[in-house]
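Remarks on the structure that follows.
Here, each number is a calculation from the coordinates, and none is a lab measurement. Note that the coordinates shown come from a computational prediction; the quantities given were computed from them, not determined experimentally. We place every Cβ from the backbone using ideal geometry, glycine too, and count neighbours over all the protein chains shown.
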Amino acid sequence: MQEMMEKRALELLADGTVNRVLGWSVGEFPYDMTPAVFRSAEDLKDRFVYNDFCGANLSKYLIKESKGEGKILVFLKPCDTYSFNQLIAEHRIKRENVYVIGIECYGKADVEKLKAMGLSGITGIQMKNGEYVVETVYGNKTVKASDATAERCLSCKSKKHVVFDELIGEDGDVVEDCNRFDMVEKLEAMTPDERFAFWRGELSRCIRCNACRNVCPACSCEQCVFDNPNSGVAQKAAVNSFEENMFHIIRAFHVAGRCTDCGECSRVCPQHIPLHLLNRKFIKDMNEFYGEYQAGADPDARPPLGTYTKGDREPNEGGNK
Amino acid sequence: MKKLSLAKLYDFFAAIAAKEALYLPVNNEVGKAEYKRWSEGVELSHQLNTLRSAKDFFFPQTENLMEFKMEGKKIDIIDTREACDDFVIFGVRACDAASFDILDRVYLVDPVDSYYKNRREHGTVITHACGKPAETCFCGTFGIDAADPKGDITVWDVEDGYVFRANTEKGEKLMAATADLFEDTDDKAVKAEQDKVREILAKMPLADLTTEGVGAGLTKEVFDRPEWASLSESCLGCGTCTFVCPTCQCYDIRDFDTGHGIQRFRCWDSCMYSDFTKMSAGQPRPTQLERFRQRFMHKLVYFPDNNDGVFGCVGCGRCLSRCPISMNIVKVMKTLAKGGNK
Amino acid sequence: MQRIGVFICHCGTNIAGTVDVKAVAEALGHEAGVVFSTEYQYMCSESGQQLMRKAIREHKLTGVVVCSCSPRMHEATFRKAASLEGINPYMVEIANIREHVSWIHKDMKEATEKAIILGRAAIAKVHLNQPLQAGESPVTKRALVIGGGIAGIQTALDIAEAGFEVDIVEKSPTIGGKMAQLDKTFPTLDCAACILTPKMVDAGQNEKIKIFAYSEVEAVKGYVGNFNVSIRRKARYVDETKCTGCGLCTEKCPQKKVPNEFNMGMNNRHAIYIPFAQAVPKVATIDADYCMMLKTGKCGICSKVCGAGAIDYKQQDEVIERQYGAIVAATGFNPIDAKAYNEYGYATCPDVVTSLELERLMNAAGPTNGTLLRPSDNEHPHTVVFVQCVGSRCTETDERGKPYCSKICCMYTAKHAMLIREKYPDTDVYVFYIDVRTPGKNFDEFYRRAVEQYGVHYIKGMVGKVTQNGKQLRVQASDLLAGEQLHIDADLVVLATAIEPDKTARSIATMLTASMDTNDFFTEAHPKLRPVESPTAGIFLSGVCQGPKDIPETVSQASACAAKVIGVLAKDKLTCNPCVAQSDEMLCNGCSSCEKVCPYGAISYSDKEFRGPNRTTLIRRVASVNPAVCQGCGACTVACPSGAMDLKGFSNKQIMAEVDAICQ
Amino acid sequence: MPVTEYKPKIVAFCCNWCSYAGADGAGSARLSYPAEVKVIRVPCSCRVNPMFILRAFQRGADGVIIAGCHPGDCHYTSGNYFTRRRMTLLFSMLDYLGIERERTRVEWISAAEGAKFSKTMNEFCATVAALGENKRLEDLRCKK
């Protein structure tokens, strides 16, 4: 995969279709790749990398990059294309300045899962035949790749690229029976007291580092209301439970109907708070109340909060248990 | 050196907790270690380190500084400071223990930060030597020995128990109070354990990381390095690295109108944030490049400049595993070292 | 820091009776920024306003809080008074301590505390108020009247009289409405057609009036002074400009079995028809549901006989767009369907009729040419029973009827009884009533004549049941005064059915954004003081669509409505509401979330240059609001994630300051 | 616990055209409701930002009610339809977080429905009083 991507990128750079490439550059370890912009063939050959640990959604970088000079090549996984499309719908990306190569994806790996198996001192990870041979200073271990699949990829909603200029690998389909609402349903089935206890336990760990917000392609405001001293709601720290709730409820509300469920928020949370469960609740509710809607699937579709029907359900009607 | 048998560890905890609050690493809801207050039944985590650093004990994320009450045109200032209760932190690793020295260099020099000092004076630190370092560890780069941490008391895991060594008066006092739990021992087992760990550390991928190209006196050279642009390019400007960092010490002071008064509090701030040190004239570091550079310049150049060459990093590796886009101080140091002499 | 003056109104004892106004003035006087605080008996009075103006001058006030009645009452009064002293009117806030405090709370301590809190909230808001300047928008000098009954006709005539253009949109083929179906009118007994048709003709001939008959309003956009209305001109299959109204086609049409709605379905008309002789416009219409040519393509007789060549089977509905400065709803009423009333046998007994059917039975142009004959056998009825309040004044739980009094039934029943007794003295007439309501000029006299002079039997009591009994109808009823049950064998039973707003009124109200009450009558801006205006600016109400009325009341309301419309059209420019949305370009993402929820299309986007960091220039797409088009609902402010969109006069910070003050 | 003694703080956001007038109507008709209900006038129910609702809870409110024109009667055509969607989602989210759903409410009250206004407020106060003080969305700093 990496070779094909690198080859195509070099060709497109060489023929002048693009003048930059947005991809991933090598890390210190086999799993810590950093998104990077490559401006030359040498740079690409030197640093470009793609493997199962390249999980970052690159679409948000295009808000800035698409406003630069010339065209930029970007590699987007299926789920990233939804974010890209949503940003197109919101007029945040100049489409004509981006060359999208869709790359097939069968789920990314999460190094945290390897570490949770007790693997430490990782010096190398060889990937073959659906297995990872994890080399560590404490010895080698072979694990099934599926055991290291990132949580968000286990409930992948779509392997289809909703936008691309060309594809590398196969285009997949929308996953009809994805189980992404299972946990939401489980929570809904709890009593309010249990739900309260669950969320207190989770949100009380929040350190308001803003990683969830800053990585989120939907949270791309010029200035966030929580950073704006004139908004009246600015807050810098999760001082107490109220501010934790306030930040996460309002953030989820602000991205409701715009969140494509890419799962970056939960991926980056240093405190491992399952933030995607907030967004998924809104997505599930909107699907149930107003009809199926997938943000980013169709940039011309009317978002649920930008429209209404006369027979919409009433707010006082109960939803959860 | 004193030895505590495996079975008596929790008796030791109970003995301390009977007198003062005891905090130690505990696995939380998601299986990650975090400092929690010990009580009967709480188990010590066996993970290498906590997600958040131990600096929270002395420099919490938020703390109230004072309060104001207003009536008509009169303002009353209320000093809310009070001496904190004694507490003990168990299980601090060498890196975090070293971070306290760095924080002390900021908060205990003139003008002394009374809030920090208060906590520092009432806290006893029991460090725990590392047994199984990770690939993200690079404390050695900054002269920290993971096998011989500082603190008021140092604890080593040995085959059939724990070996304790009091390093300070505070530590001696604490051990004296619990003396009946311990038996005397020599340093053989500890030495063996230390040799084993040092051997592992030498094999770690970051074992040969050096401070080449950074350090005191290099402000101009490092500041002007062109690599900052590509290094900072994908930085999201979040505060994750800052907030998990044991040595980051910047804070913001804010007022909160409670409706019946004003609470003046401070909270952690991050130089990665777009509103960091924002002034009426605007933001002195207008783009992420400047903000990103600030963080590493501070740790690798400015801090050693002002502190006898001591770096503002302890190599705990938290930022390496937590950064959403996997950009971190190691990548910065290596990049700066690479082209440094060109 | 503002210098705020606080003025507490006693409103006589309305407020001071329950609220300790002195305590409120004292407490609010201590609030930060308040430099003057006082109470007064009637702040809205001339001397109250003078007091406020003096305080503004003497204390150099920059903001004013009046604790008084609802802002819906006197906000304008106090704003005007403040502006006379040079304070921007939008620096005045009202704390409603009458409707929301003194009138609902009895305990003085509790009411006083609440008044202080509401005062604090108003002060907190004023601290954040900004002076606002109202913009101006031009006025389209033409009015639209929806509905061509007597109300719509009168309103249109009066507006035209003042020199402005008016369009009447009428859904049926002719104007005239219900009044055209009436025989005589109370209390003068003059012929309805004789007084209505001259007005219809006037309307038809007036140069300023354009009648769109057989047309419906399809969409309304815009706002006062600048409405844009789509009107669907339904296909008549007859060219209105060519048809002379000769009526030859309506005689030759072979399809003769179409129920004649003008005569309440009591006789038939042809598939091509002119509703009645005096119709305006007098143009034939083909009923597409019955026309053989349109249904099967076989016939075409009307086209052959038409000398003017007006028949056009290929005609299509046409939607036209017209601009208006003001819109009048004159959508009128219908009698309720009496079929639900099984006990009165309407659905089963042919000789049970409604009052409007009786009007047709007695009208010279009606199915019986004016002779009173009963529908079942065309015999002359000798005993006639009238049942009052069928569907009117029902309990809230009654699903068939209406809770209100239909107002006109008592009088038209007296009229009917009187007319029958006059024409057919051999007929016994009974009227069963709950109450006889005759407020109105010459009304009670009229009713008494029916009883005293014409010998109509008025019986206070309810009719329990009407059943067919051979050729007759057996009426079971109670006489409440005599305290006995009655059986009357009647030849004809007439139901005074309740009236209800026309079914189309609801959808028209939605298009007009005019509010309605639970009975689907249009709501007036104020029940007493603004009875002919809707709360929505530029929308006016004429006739029964606002509530039950008789003809004289309808006509006077229609004229009042016209006067209000003329008031709008006479202006060259209207002052806009300055409390409109505003986008902070520095915060705007240009994401279009706001645009999607704006009902007025007031938001547009443009690429603008901004100064970026380090002397760079950035081009960003940002929203801007057209203040003349924005009506200030605030939907966009919540849709905007970055908080760039805010509403002047009701800003995020202002509302949160009120929340803080209230919850403190 | 003496539930009847407890008087909850209620913030009522009322649309200027319908519910605020309805509240005025309740006043004119002397139809009482607890003094703990305080009305904030907004041009339309769609002006109510979820942030205002959370803010009210933060500052000590025990219940928040939003009252607007009946669906179809919005003075601005569609405002209350958006209110309906936004609040449906917000309330569902609050419930999902285990915050009592009865503390928040949306009612459609026309200018003519003074009686409904009073009845609604009485009922809502009783409902919130039964729940007791707002503990789950409180901000202890704001408590006296």
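Per 0.36 nm of contour for each residue apart, how much would the distance between A:Met127 and A:Arg200 grow if the chain were fully extended, relative to their Cα-Cα spacing?
Value of the extension gain: 22.4 nm.
Over what distance in Å are the Cα centres of region A:58-99 and region D:1-80 separated?
Between the Cα centre of region A:58-99 and that of region D:1-80, the gap is 43 Å.
So what is the calculated 222 nm ellipticity per residue for chain C, using -39500 (n - 2.57) for each DSSP H run with n of 4 or more, over all residues, to the nearest 500 deg cm²/dmol?
-8000 deg cm²/dmol
Which whole-number percent is the relative contact order of chain A (Cα, under 8 Å, 6+ apart)?
Contact order relative to length: 15 percent.
Among A:Arg47, B:Arg293, A:Arg213, which comes first, second and so on when ranked by fewest other beta-carbon atoms within 10 Å?
By the 10 Å Cβ count, ascending: A:Arg47, B:Arg293, A:Arg213.
For D:102-109, what's the mean count of beta carbons from other chains sitting within 10 Å of each residue's beta carbon?
2
If we count other beta carbons within 10 Å of each Cβ, what is the order of B:Trp228, A:Trp24, B:Trp268, fewest first?
Ascending Cβ contact count within 10 Å gives the list B:Trp228, B:Trp268, A:Trp24.
Under 12 Å between alpha carbons, and skipping anything fewer than 8 positions from B:Lys36 in its own chain: which aspartates and glutamates qualify?
Cross-link targets: B:Asp56.
Among the GluC sites (Glu not before Pro) within region B:146-206, which fall in a DSSP loop and have no more than 10 other Cβ atoms within 10 Å of their own Cβ?
Listed in order of number, the matching sites are B:Glu159.
Which helices of chain D meet both criteria: a Cα extent of 30 Å or more along the helical axis and a mean Kyte-Doolittle score no lower than 0.5, with helices taken as whole DSSP H segments?
Membrane-span-like by this rule: not one helix.
At R0 = 22 Å, how high is the FRET efficiency between D:Lys144 and C:Lys106 if r is their beta carbon distance? Nearest 0.05 is fine.
Step by step, r from the Cβ atoms, then E = 0.20.
Place the peptides C:190-201, C:58-69, D:44-55, B:302-313 in order of packing, highest mean first, counting for every residue the other Cβ atoms within 10 Å and averaging per peptide.
My ranking of the peptides, most packed first, is D:44-55, C:58-69, B:302-313, C:190-201.
Relative to the longest principal Cα axis of chain C, at what angle does helix C:150-161 sit, 0 to 90 degrees, rounded to 10?
Between the helix axis and the principal axis of chain C, the angle is about 60 degrees.
Can you tell me which of A:Gly263, A:Gly70, A:Gly311 moves the most in a GNM of chain A? Springs connect C-alpha atoms under 10 Å apart.
Its mean-square fluctuation being the largest, the pick is A:Gly311.
With everything on Cα atoms, drop me the angle between helix C:71-84 and the longest principal axis of chain C, reported from 0 to 90° to the nearest 10.
In chain C, helix C:71-84 runs at an angle near 50 degrees to the longest axis.
From a point 7 Å beyond the Cα of A:Glu288 in the direction of its Cβ, which residues of region A:150-183 have a backbone N at a distance under 13 Å?
Output list for this probe position: A:181-183.
For region C:83-155, run through the GluC sites (Glu not before Pro) and keep only the ones in DSSP coil with at most 15 other Cβ atoms within 10 Å of their Cβ.
Answer in residue order: C:Glu85.
Is there a simple number for the mean count of other chain Cβ atoms within 10 Å of the Cβ of residues in A:219-227, and what is it?
Mean partner shielding for this stretch: 6.
Specify the angular offset, from 0 to 90 degrees and rounded to the nearest 10, of the alpha carbon long axis of helix C:551-569 from the longest principal axis of the alpha carbons in chain C.
It works out to around 40 degrees.
Take B:Ser114 and A:Leu167, extend 7 Å from each Cα along the Cα→Cβ direction, and tell me the distance between the two endpoints in nm.
6.9 nm
To make sure I understand the rule: partners must be lysines, Cα under 25 Å from the Cα of D:Lys7, and not fewer than 8 residues away in the same chain. Which ones qualify?
C:Lys106, C:Lys109, C:Lys114, D:Lys38, D:Lys116, D:Lys119, D:Lys135, D:Lys143, D:Lys144
Whole Å is fine, so just give me how far the alpha carbon centre of region A:259-287 lies from that of region C:419-473.
74 Å
Looking at chain C, send over the antiparallel percent of its DSSP beta bridges, to the nearest 5.
Looking only at bridges with both residues in chain C, the antiparallel portion is about 55 percent.
Rounded to the nearest 5, what % of DSSP beta bridges with both residues in region B:2-203 are antiparallel?
70 percent
Counting other beta carbons within 10 Å of each Cβ, put C:Val34, C:Val238 in order, fewest first.
By the 10 Å Cβ count, ascending, the order reads C:Val34, C:Val238.
Report, as an integer, the average count of C-beta atoms from other chains found within 10 Å of each Cβ along B:63-73.
For this peptide, the per-residue mean of nearby foreign Cβ atoms is 1.
At A:Glu317 and B:Glu71, where each label point lies 7 Å from the Cα along Cα→Cβ, what is the point-to-point distance in nanometres?
It is 5.3 nm.
Return the distance in nm (one decimal) between the two label points of a simple spin-label model at C:Gln205 and C:Asp239, each offset 7 Å from Cα along Cα→Cβ.
2.6 nm
Using a 10 angstrom cutoff on alpha carbons, build the Gaussian network for chain B and name the most mobile of B:Val301, B:Val330, B:Val42.
Highest fluctuation among the options: B:Val42.
Do you know the relative contact order of region C:4-128, to the nearest whole percent, from alpha carbon pairs under 8 angstrom that are 6+ apart?
32 percent
State which helices in chain B qualify, where a helix is a whole DSSP H run, it must extend 15 Å or more along its own axis by its Cα atoms, and its mean Kyte-Doolittle hydropathy must be at least -1.0.
Membrane-span-like by this criterion, though nothing is claimed about a membrane: B:94-107, B:188-203, B:329-339.
When chain A is treated as a GNM, springs tying every alpha-carbon pair under 10 Å, which of A:Cys209, A:Cys105, A:Cys259 comes out with the largest mean-square fluctuation?
Ranking A:Cys209, A:Cys105, A:Cys259 by mean-square fluctuation puts A:Cys209 first.
Separation of region C:66-136 and region C:506-551 by C-alpha centroid, Å?
28 Å
When DSSP beta bridges are limited to those with both residues in chain A, what percentage is antiparallel, rounded to the nearest 5?
Around 65 percent of the beta bridges assigned by DSSP in chain A are antiparallel ones.
Using a Förster radius of 25 Å, what is the FRET efficiency between B:Arg81 and A:Ala234 based on their Cβ-Cβ separation? Nearest 0.05, please.
0.40
Which of the aspartates and glutamates could be linked to C:Lys256 by a straight reach, that is with a Cα gap under 12 Å, when you skip same-chain ones fewer than 8 residues away?
Counting by Cα, and skipping residues close in sequence, C:Lys256 has these aspartates and glutamates nearby: C:Asp287.
Taking 8 Å as the Cα distance limit and 6 or more residues as the minimum spacing, I'd like the relative contact order of region A:145-238 as a percentage.
Computed over region A:145-238, the figure is 17 percent.
Pop the C-beta distance of A:Thr309 and A:Ala14 into the FRET formula with R0 = 51 Å and round what comes out to the nearest 0.05.
Taking R0 as 51 Å, the efficiency between A:Thr309 and A:Ala14 is 0.45.
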